[in-house]
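Engineer: This structure is in structure tokens; I'll ask about it shortly.
The values are calculated or read from the model by the stated rules, or taken from the named source; none is laboratory data. Keep in mind the model is a prediction, meaning the values are calculated, not measured. All Cβ positions, even for glycine, are placed from backbone atoms using ideal geometry, and neighbour counts span all protein chains on display.
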2 protein chains.
Amino acid sequence: MPLQKGPRIREIHITPIAIVDPPLLNAAGLHAPYALRTILEIVTDDNISGISEIPGTTEIDAALEASKELLIGMDVFQLNAIQRKLEQKFGVDQSSDRGEAPWDQRKLVHIFSAVEVACLDIMGKVMGKPIVDILGGKLRERVPFSAYLFYKYEGAGGEYGFNTNPNATGWDAARQLAALNPGEIVAQAKAMCAEFGFQSIKLKGGVFEPRQEVDALFALREAFGNAIPLRYDPNALWKVETAIQYGKEMEPILEYFEDPVRGQANMALVRKALATPLATNMCTTSFEEIPNSIAIGAEDIILSDHHFWGGLKSSMTLAGICKTFSRGLSMHSNSHLGISLAAMVHLGAAIPEVPYALDTHYPWQSDEIIVGGRMKFEEGAVMVPTEPGLGVELDRVALEKLHQNYLNCGLTKRNDEIEMQKVQPGWKFQALRW
Amino acid sequence: MPLQKGPRIREIHITPIAIVDPPLLNAAGLHAPYALRTILEIVTDDNISGISEIPGTTEIDAALEASKELLIGMDVFQLNAIQRKLEQKFGVDQSSDRGEAPWDQRKLVHIFSAVEVACLDIMGKVMGKPIVDILGGKLRERVPFSAYLFYKYEGAGGEYGFNTNPNATGWDAARQLAALNPGEIVAQAKAMCAEFGFQSIKLKGGVFEPRQEVDALFALREAFGNAIPLRYDPNALWKVETAIQYGKEMEPILEYFEDPVRGQANMALVRKALATPLATNMCTTSFEEIPNSIAIGAEDIILSDHHFWGGLKSSMTLAGICKTFSRGLSMHSNSHLGISLAAMVHLGAAIPEVPYALDTHYPWQSDEIIVGGRMKFEEGAVMVPTEPGLGVELDRVALEKLHQNYLNCGLTKRNDEIEMQKVQPGWKFQALRW
């Protein structure tokens, strides 16, 4: 084939959406009735469309808007040059920008991730190849995910808020139930695993005092037996002594212990004391933080997330670093739809090993914006899309509906503290709690 | 574009060649009159041809031959799966396989590099894009190289052996001259820089006792002034005390000091004692060796080489590791032709930074096997090829001629000790010499 110029970026469409999210509890408070995502669509001069999905805030949307003038006219294949342009505009993220919340608030990595995935989608379509082939090709046909359990209030989220939709059945009904004690967590796990077939379980903690949460993990072990690996994530709220005390108790039952404490130095102390591997999505969240993580031995497993590590190709580099330094690799998630899930699956299929099933909030969502509706799980795994690019297409009717949700709901950024205060007046996030 | 299957590998052609090489001296002895390379050509089921070039030995050629049955029928885009198949056949290289010589003797990384570059050449042709675009796109139009000075005996190499070709002019004539003392090294540098426009200079040492080689570096500084950075590589023959003593003396004039001593532990000792950055192509030569290099602070700069680091995509991962751990990145070379040079240039254009001009033996070669003949240097740099794939095509007449050279010369692997013994009977390689 002769040399192909471009394709070049002609249009960039930024659409904030709000997706129904149930009242999930976490260290930062409570999920709002809607989670915000931003859908990016890039259209080339030859009318090829590429899409991506990132966590949305008005600030991120504004930064994407401000990036348009830099990006219009650029060749989608020039990802290195695009990254450099965005670095020059926004500055390389400092790790301190990440914030204390369980989700990452850095700007450049978000924006570049959005642009990169949409460009890769276009590149795949131009080449007639799925994105996984741009990452070196798939090493597995199915990518395994883990059940992601949450403490929650009763309620469906969205317009139902804390109410339940009486017409729901199956997992849709189970998803509405409260889970505020070990028995309800076990019931949630059983319903989720029955629906999706997950082969491993993660409990998002940092909600109740440690004794109750640890009891829930033992109840899960009791209910599921040894064949189902368990992970637990108190979102860095614990003191070092607390983490070591309960960590020792959980050594026989945990596959890994995620962010029990805040900061690499504290993680290193806990890691020295425990046989259980430590994982992180809060203490080592950027390439800049890796050298110290390695130097002091802060963690065993890094949770990648292409939205926060600067895209899929950077996540492949992270995988190479983890392999080189004998660190495990897994994947973090926020509330998301099928575009993010498809990107996660392409990445999960290309990384050298998937020793740990990946995280996903997908079971908690009911909305979708891809043609054909919700993606399917079989035995807890998702088949790698085989169509060119991401392998999923934007459902424009759904996009419009979810954008209307965004306009109607009035949310502009995630703030779980404010949502929690609506239920427990005066509730305050505490970075160190137990 | 609809989903494209393949293209699949239909034929693999392995052609050992011998290229004229002058009598260059180094730590391991003397270059033979011919250097061996192996040219790999992969042809797909739809008749697209991809090529690559690696250091050749009968052992590597046999391993490539034995890989054919694994590779025939595979999709060239499935590089991860191809790598896994070759790993399963040959085992992951152990760093100890590298050997003590200045060149790397590991099998898997060689073979996968050959296959990967040929596949990338095909992928680029299928996509209508240069290989640099598969690596994320170019960050510079020209990739800078360094003058690579060698001590040498008089002679042109090849059929001339230690004789000179009386018809040669310009650099072709200068290349034949002996360089056995500081004055002759300066003359070589002047002739090479005049021809290629290099903006930095490296002296390959480990040939004479340190005093003489260090004097040559001071003579170069005297002749070229401070504007031309100098590097020096005694190929790990020195004792730690020697490296510190002469290293201190050279601190004012060296840009970096490459492999003064053998082994990471010794490098770390020298690095602590000197202000000059230490570079390596002998002490840290694989991903497996990186963790200890970082842990003990063995080096400041890693010399990549896609032939030895498992291809271009792995070299991008290495670049990511170097960036993450604040290590510099440069590039190593052996005697090579334009196919390797083109691959080096694509890589050099995609890596985030090129703080150090790359090594190349190319000025020492006179043969070529690419259509259009020898690649051009301007001000010491090579323009990034813009045609699809590598951007260079095999000259089949030249290939046949160089293959005949191979058959005629009788060499089967590089052995600089035997060549040296032809000049200095009884000469023995010593891993620790001064």
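Engineer: Limited to region A:331-352, what total is found for residues that are more than 13 Å from chain B (Cβ to nearest Cβ) and surrounded by fewer than 24 Cβ atoms within 10 Å (Cβ to Cβ)?
Structural biologist: Just the residues of region A:331-352 that are more than 13 Å from chain B (Cβ to nearest Cβ), to begin with: A:331-345.
Imposing the further condition that a residue be surrounded by fewer than 24 Cβ atoms within 10 Å (Cβ to Cβ) reduces the set to A:333-334, A:336.
Number satisfying all stated conditions: 3.
Engineer: Looking at region B:175-191 only, could you name the residues that are farther than 20 Å from B:Asn163 by Cα and surrounded by 22 or more Cβ atoms within 10 Å (Cβ to Cβ)?
Structural biologist: Of region B:175-191, the ones farther than 20 Å from B:Asn163 by Cα are B:182-183, B:186, B:189-190.
Passing the criteria: only B:Ala189.
Engineer: Follow-up. Could you tell me whether region B:38-57 includes any residue that is buried (at least 22 other Cβ atoms within 10 Å of the Cβ), of a type in the set (Gly, Ala, Ser), at pLDDT 95 or above and out of contact with any Pro (no Cβ under 9 Å at 6 or more places or on another chain)? Spell out the reasoning first.
Structural biologist: If we filter region B:38-57 for residues that are buried (at least 22 other Cβ atoms within 10 Å of the Cβ), which is where we start, we get B:38-40, B:42, B:50-56.
Right, trim to of a type in the set (Gly, Ala, Ser) and you get B:50, B:52, B:56.
After this cut, where a residue has to be at pLDDT 95 or above as well, the list is B:50, B:52.
From what is left, the residues that are out of contact with any Pro (no Cβ under 9 Å at 6 or more places or on another chain) are B:50, B:52.
Looking for residues that are buried (at least 22 other Cβ atoms within 10 Å of the Cβ), of a type in the set (Gly, Ala, Ser), at pLDDT 95 or above and out of contact with any Pro (no Cβ under 9 Å at 6 or more places or on another chain), one finds at least one in region B:38-57, hence yes.
Engineer: Would you be able to tell me the number of residues in region A:315-330 that are buried (at least 21 other Cβ atoms within 10 Å of the Cβ) and in contact (Cβ under 8 Å) with a residue 40 or more places away in the chain?
Structural biologist: 2
Engineer: Given the criterion within 22 Å of the chain's Cα centre (by Cα), modelled with pLDDT of 95 or more and in a helix (DSSP H, G or I), identify the matching residue among B:Glu417, B:Glu400. Show your work before the answer.
Structural biologist: Details: B:Glu400 fails: within 22 Å of the chain's Cα centre (by Cα).
Being within 22 Å of the chain's Cα centre (by Cα), modelled with pLDDT of 95 or more and in a helix (DSSP H, G or I) holds for just one of B:Glu417, B:Glu400, which is B:Glu417.
Engineer: When you go through (1) touching a helix residue (DSSP H, G or I) at 6+ places or on another chain (Cβ under 6 Å); (2) part of a strand (DSSP E or B) one by one for A:Leu25, which number turns out not to apply?
Structural biologist: With respect to (1) touching a helix residue (DSSP H, G or I) at 6+ places or on another chain (Cβ under 6 Å); (2) part of a strand (DSSP E or B), A:Leu25 is out only on (1).
Engineer: Could you list, in sequence order, the residues of region B:200-246 that are of a type in the set (A, V, I, L, M, F, W, C) and assigned to a helix (DSSP H, G or I)? Can you show your working first?
Structural biologist: Within region B:200-246, the first condition is being of a type in the set (A, V, I, L, M, F, W, C), and the residues that meet it are B:201, B:203, B:207-208, B:214, B:216-220, B:223-224, B:227-228, B:230, B:236-238, B:240, B:243-244.
Correct list: B:Val214, B:Ala216, B:Leu217, B:Phe218, B:Ala219, B:Leu220, B:Ala223, B:Phe224, B:Val240, B:Ala243, B:Ile244.
Engineer: Counting residues that are closer than 30 Å to B:Arg84 by Cα, which strands (runs of 3 or more DSSP E) fully inside region B:247-361 reach at least 2?
Structural biologist: On the way: elements: B:254-258, B:278-280, B:301-304, B:328-331.
Qualifying strands (runs of 3 or more DSSP E): B:301-304, B:328-331.
Engineer: Take the residues in region A:237-272 that are over 20 Å from the mean Cα position of the chain (by Cα) and in contact (Cβ under 8 Å) with a residue 60 or more places away in the chain, then tell me which one is surrounded by the most Cβ atoms within 10 Å (Cβ to Cβ).
Structural biologist: Only one residue fits best here, namely A:Trp238.
Engineer: Touching a residue at least 12 places away in the same chain (Cβ under 8 Å), at the interface with chain A (Cβ under 8 Å from one of its Cβ atoms) and not β-branched (Val, Ile, Thr), is that true of B:Gly91? Step through it out loud before you land on a result.
Structural biologist: Values: touching a residue at least 12 places away in the same chain (Cβ under 8 Å): yes; at the interface with chain A (Cβ under 8 Å from one of its Cβ atoms): no; not β-branched (Val, Ile, Thr): yes.
No; evaluated as a whole, the condition is false for this residue.
Engineer: Can you spot a residue in region B:353-364 that is within 11 Å of chain A (Cβ to nearest Cβ) and under 21 Å from A:Met316 (Cβ atoms)? Steps first, please.
Structural biologist: So the first thing to find is which residues in region B:353-364 are within 11 Å of chain A (Cβ to nearest Cβ), and the list is B:353.
Applying the additional criterion that residues be under 21 Å from A:Met316 (Cβ atoms) yields B:353.
Yes: region B:353-364 contains one or more residues that are within 11 Å of chain A (Cβ to nearest Cβ) and under 21 Å from A:Met316 (Cβ atoms).
Engineer: Just one of B:Gly137, B:Gly124 is outside any helix (DSSP H, G or I) and either within 14 Å of another protein chain (Cβ to nearest Cβ) or touching a strand residue (DSSP E or B) at 6+ places or on another chain (Cβ under 8 Å) (or both); which is it?
Structural biologist: Exactly one of B:Gly137, B:Gly124 is outside any helix (DSSP H, G or I) and either within 14 Å of another protein chain (Cβ to nearest Cβ) or touching a strand residue (DSSP E or B) at 6+ places or on another chain (Cβ under 8 Å) (or both), namely B:Gly137.
Engineer: Continuing with the same structure: Return the pairs, sorted by first residue and then second, in which the second residue is surrounded by 16 or more Cβ atoms within 10 Å (Cβ to Cβ) and of a type in the set (Gly, Ala, Ser), the first residue lies in region B:161-183 and is without any contact (Cβ under 8 Å) to a residue 24 or more places away in the chain and assigned to a loop (DSSP other than H, G, I, E, B), the beta carbons are less than 7 Å apart, and the residues are 6+ apart or on different chains.
Structural biologist: Pairs found: B:Asn163/B:Gly155; B:Asn163/B:Ala156; B:Thr164/B:Gly155; B:Thr164/B:Ala156; B:Asn165/B:Ala156.
Engineer: Please state which of the following conditions A:Ile14 fails to meet, knowing it meets all the rest: (1) assigned to a strand (DSSP E or B); (2) in contact with a Phe, Trp or Tyr (Cβ under 6 Å, 6 or more places away or on another chain).
Structural biologist: Condition not satisfied by A:Ile14: (2).
Engineer: Which residues, counting only those in region B:287-320, are within 11 Å of chain A (Cβ to nearest Cβ), closer than 28 Å to A:Ile296 by Cβ and small (Gly, Ala, Ser)?
Structural biologist: Result: B:Ser293, B:Ala295, B:Gly297, B:Ser314, B:Ala319, B:Gly320.
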